[in-house]
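In what follows, a single structure is set out as structure tokens and then discussed.
The values are calculated or read from the model by the stated rules, or taken from the named source; none is laboratory data. In this text, all values refer to a predicted model and were calculated from it rather than measured experimentally. Here the Cβ positions follow ideal geometry from the backbone for every residue, glycine too, while neighbour counts run over all protein chains shown. Side chains are part of the model used for accessible areas, which takes the heavy atoms of the whole protein and leaves out ligands, DNA and RNA. Shrake-Rupley method; radii C 1.70, N 1.55, O 1.52, S 1.80 Å.
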Amino acid sequence: MSTDFEFAVVGGGGMGSAAAYYLAREGKSVLVLEQFEIGHNRGASHGENRIIRYSYEWTDYVKLAKETFKLWKEVETEFGSKLLTRTGGLDIGYPGNRDFELCIDSLRKEAIDFQLMNQEEAATRFPQFNFETGTRALFQKDAGYLEPDICIPAFISLSKKCGAIVHDNTTLDGINISDSHVELTSNGKRWRAKNLILTPGPWAAPLLKKLTGIEIPIVVSLEQYAFFKPRHREWFEESKSPVFIVYPTPGELDILYGFPQFKDLGVKVAEHHAGSVTEAATRSFEPDPEKLKRAFARAQKLIPDLTEEVTKAATCLYSNTPDKHFIVDKLPGHKNVVIGCGFSGHGFKFIPIIGNILKDLALHGQTKHQIRMFKLQRFAATHTKR
Ligand SMILES: Cc1cc2nc3c(=O)[nH]c(=O)nc-3n(C[C@H](O)[C@H](O)[C@H](O)COP(=O)(O)OP(=O)(O)OC[C@H]3O[C@@H](n4cnc5c(N)ncnc54)[C@H](O)[C@@H]3O)c2cc1C
């Protein structure tokens, strides 16, 4: 088997599997190194469901969402099975919540169709939810969820079908970067590639520091989610109940988000950015019972029909940049190395478009897509070579 490739991708999670697919689909020779088994639950891209939506505070994300919805459709066709379930999406905002207002503005600017409802209208349309006085609800019909446990294996199988060589349970432990190529090692094995794409997720900062001396400002947090059983399951069926995002009231940490009834598991809810700081190599897998109680209390305010019965609770890792925007860029000082990390708890929906952008940057050194918010340079003061 050849050890020489045009492109090597390190990290076969969400972003890496998509980048590998789009490069292999262009007939490029691609190597993927993944330290665990494909579809593992130790990083950021596992579990039952992830929200996909257009509603963002920034129009750059709405533009990317337009691309990503199209691309998921394409991947579904090529993979031959459904990955995205449309349920509609409900954003619930309290008076004066700036982010909620910015979402409305961005959707208007990008001409995305949506409905804005006051409390009474929302309560009539969605009686299973309790809308508090003064709240408004934004309903966007195209939103829904993706299934990570199907999506990642789908991208890996499509990339293999296009000729990519995927080594799972293979940890990159050394690289030697020159202008003409990159040498990669894992446990004594060696490969060469002309170009390297680094998508190591929550391992990005320590890996980059160890292998290149470059420090990037990513803080990993241990996030959790839980499925609670409703008394009336039929009220939360996908045909009747949308994915939802509740913007925080003053004093509340961050967004509460959730999904309709998922198979026999119940209604999943979670708090965004509520996790404690951790490291990917040493993190716990145990959900915090106090945080579970707090999430339930917030969820039950919105969904009185929910019971405290937890059918499943699990943890997962966010890779947070200081401004919660992604890092998608060429690695400073290395024109043949591209990096995609720091997706700060909201990257899953964008996997196909980020995969395409990483492909563009690796192939052409530039992309037609707007990535000005994702430049590493914005942290110039904090990312330096040691
Ligand atoms: C609880 C939770 C809920 C979320 N909800 C949403 C949502 O509703 N909507 C949304 O859009 N996003 C959501 N996200 C965010 C989204 O899941 C992530 O942004 C996305 O999955 C990040 O993908 P990634 O490829 O960067 O990371 P990962 O999928 O973790 O991939 C990185 C891969 O690199 C591998 N790796 C690391 N180091 C090495 C090495 N040295 N050698 C070989 N392989 C290596 C790892 O094993 C891993 O497989 C959520 C995340 C969490 C945790």
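Quick notes on this structure:
- For GLY174, residues with placed amide H under 5 Å, excluding near neighbours: THR185
- Projected label distance in nm at HIS273 and LEU102, using a 7 Å step from Cα toward the beta-carbon: 0.9 nm
- Each DSSP beta bridge with both residues in the chain is either parallel or antiparallel, and the antiparallel ones are about 75%.
- Relative contact order, whole percent, for the chain stands at 23, derived from Cα pairs under 8 Å and 6 or more residues apart.
- For LYS229, a cut-off of 19 angstrom between C-alpha atoms picks up these lysines, skipping any fewer than 8 places away in its own chain: LYS240, LYS263, LYS268, LYS291, LYS293, LYS301, LYS312.
- In terms of packing, defined here as the mean over residues of other Cβ atoms within 10 angstrom, the peptides 127-136, 27-36, 13-22 line up highest first as 13-22, 27-36, 127-136.
- As a fraction of the 1.4 Å probe accessible area of the chain, surface on carbon and sulfur atoms comes out at 51 percent.
- Sites LYS161 and GLN377 - FRET efficiency at Förster radius 51 Å, r taken between beta-carbons, to 0.05: 0.90
- Probe 1.4 Å, protein heavy atoms only - accessible area per residue of region 227-315 in square angstrom: 48 Å²
- Amide proton proximity set for VAL220, modelled H, under 5 Å, gap of 5+: THR278, ASN320
- Using a Förster distance of 41 Å, the FRET efficiency for LYS189-ILE150 (Cβ separation, nearest 0.05): 0.85
- In the chain, taking the dipole from charged Cβ atoms about the Cα centre, the farthest positive-side position among PRO217, ALA274, ILE112 is held by PRO217.
- Taking the inverse of the mean 1/r over every pair of distinct Cα atoms in the chain gives a Kirkwood hydrodynamic radius of 21.4 Å.
- Multiplying the residue separation of LYS368 and LYS141 by 0.36 nm and removing their Cα-Cα distance gives an extension gain of 78.9 nm.
- Residue-wise HN-Hα coupling along region 123-138, computed from phi with Karplus coefficients 6.51, -1.76, 1.60 (Hz; x: Gly, Pro): 5, 5, 6, 10, x, 6, 9, 9, 8, 6, 3, x, 6, 10, 10, 9
- Per residue, region 1-127 exposes an accessible area of 40 Å² to a 1.4 Å probe, with every protein chain left in place.
- Shown are THR68, THR171, whose ranking by accessible area with a 1.4 Å probe and every protein chain present, most to least, is THR171, THR68.
- For region 3-62: rounded, prolate or oblate by the Cα gyration tensor [a/c cutoff 1.5]: oblate
- Cα-Cα over 32 Å, subset of LYS210/LYS349; LYS141/LYS161; LYS189/LYS335: LYS141/LYS161
- C-alpha center-to-center spacing [region 187-209, region 20-66] in angstrom: 17 Å
- Lys, Arg +1 and Asp, Glu -1 on Cβ, resulting dipole of region 56-104 about Cα centre, debye, nearest 20: 180 debye
- Mean separation of Cα contacts under 8 Å (6+ apart) over length of region 317-386, as relative contact order %: 33 percent
- Contact order relative to length of region 1-152, as percent, for alpha carbon pairs under 8 angstrom and 6 or more apart: 29 percent
- GNM flexibility winner over the chain from ASN187, ASN195, ASN41 (Cα, springs under 10 Å): ASN187
- For region 132-185, accessible area per residue (1.4 Å probe, heavy atoms of protein chains only), Å²: 39 Å²
- Region 288-326 and region 335-358 have their alpha-carbon centroids 25 Å apart.
- Taking amide H as placed 1.01 Å from N in the peptide plane, the amide H of ILE52 sits under 5 Å from that of GLY144, TYR145, LEU146, each at least 5 places away or on another chain.
- In order along region 223-236, the phi-based Karplus estimate (6.51 cos²θ - 1.76 cosθ + 1.60, θ = phi - 60°) of 3J(HN,Hα) comes to 9, 9, 9, 8, 9, 10, 7, x, 5, 10, 4, 4, 5, 10 Hz; Gly and Pro are listed as x.
- With coordinates expressed along the principal axes, the C-alpha atoms belonging to region 1-110 extend over 61, 29, 26 Å, beginning with the largest.
- Applied to region 29-39, the Karplus parametrisation 6.51 cos²θ - 1.76 cosθ + 1.60 on θ = phi - 60° returns per-residue 3J(HN,Hα) values of 7, 10, 10, 10, 10, 10, 6, 10, 6, 4, x Hz, with x for Gly and Pro.
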